[in-house]
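The values are calculated or read from the model by the stated rules, or taken from the named source; none is laboratory data. Not measured: the values here are computed from a predicted model. Every residue, glycine among them, receives a Cβ derived from its backbone with ideal geometry; neighbour counts consider all protein chains shown. Side chains included, ligands, DNA and RNA excluded: accessible areas come from the protein's heavy atoms. Shrake-Rupley method; radii C 1.70, N 1.55, O 1.52, S 1.80 Å.
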Amino acid sequence: ANCMFTDSRNWTWVGTNTGLYIYKNPKAEPICITRHEGLLNNVVHSIIEDNSHHVWVSTSYGISCVFIRNGNVRLVISYSTQDNVPNESFINGHVMKLDDGTIVMQSLDHVVTFNPDDFRKLHYDQTIKLYPKLIKLLVNGYEAETDKPINGHDVLDRAVARAKEIKLN
């Protein structure tokens with residue numbers, strides 16, 4: 001473990017070289033958060049909780065915020081060099097929250113300070129509607145296109161993104 005933290009819910013958070021592990025109680029299986037869930041890197045160096053009970057972690061490539069809703073991880077938002085976070089590794093366990101809610105994290109050559117209360121995105125809690133669009137269709141390993149029969153059968157009568165009907169055997 002690179003670092004450990006117990007939050008206001010009495011959950012234990014453990015930062016390792018393979019991800020962030022959350023133990024809701026000592027006997028439960030841990031929840032593991034990695035790059036697949038939104039961390040910038042699996043190496044977690046420090047962990048802290050803000051005034052809104054979101055958990056902030058520093059990794060080898062940036063800072064991530066873990067949102068918990070109804071006892072489950074809801075969302076992970078990460079901040080990198082594009083957000084003025086230094087492109088360098090942070091130091092294990094070097095983090096603190098000041099009385100005004102400002103979080104301070106130390107990297108190899110910098111000290112990063114920010115107040116999560118100033119982040120508008122954190123307080124914007126609305127479900128995002130997605131409208132997926134089919135852009136490519138493979139039938140038996142062949143790309144379905146208009147006026148191009150597959151095994152002697154016309155699959156599409158127009159572009160796949162505009163198709164109202166797909167004719168399959």
Worksheet entry | Top-ranked residue of the stretch 120-145 - restricted to ones that are assigned to a loop (DSSP other than H, G, I, E, B) and either among the hydroxyl-bearing types (S, T, Y) or surrounded by 12 or more Cβ atoms within 10 Å (Cβ to Cβ) (or both), ranked as modelled with the lowest pLDDT | Y124
Worksheet item: Would you call S80 modelled with pLDDT of 85 or more and either over 22 Å from T34 (Cβ atoms) or within 18 Å of the chain's Cα centre (by Cα) (or both)?
Response: yes
Discussion item. Give me the strands (runs of 3 or more DSSP E) completely within the stretch 1-76, filtered to those with at least 1 residues that are closer than 21 Å to L98 by Cα and open to solvent by less than 70 Å² (accessible area, probe 1.4 Å), ordered by residue number.
Written reply: 3-6, 12-16, 44-49, 55-59, 63-69
Worksheet item: Mind checking whether some residue in the stretch 39-50 is closer than 20 Å to L108 by Cα, free of Cβ contacts under 8 Å to residues at least 40 places away in the same chain and polar (S, T, N, Q)?
Response: yes
Discussion item. For the stretch 108-119, which positions are part of a strand (DSSP E or B) and open to solvent by less than 80 Å² (accessible area, probe 1.4 Å)?
Written reply: V112, F114
Worksheet item: Which members of the stretch 151-169 meet the condition of being within 23 Å of P132 (Cβ to Cβ) and part of a strand (DSSP E or B)?
Response: L156
Discussion item. Looking only at the stretch 80-107, count every residue that is surrounded by fewer than 18 Cβ atoms within 10 Å (Cβ to Cβ) and in a strand (DSSP E or B) and tell me the total.
Written reply: 7
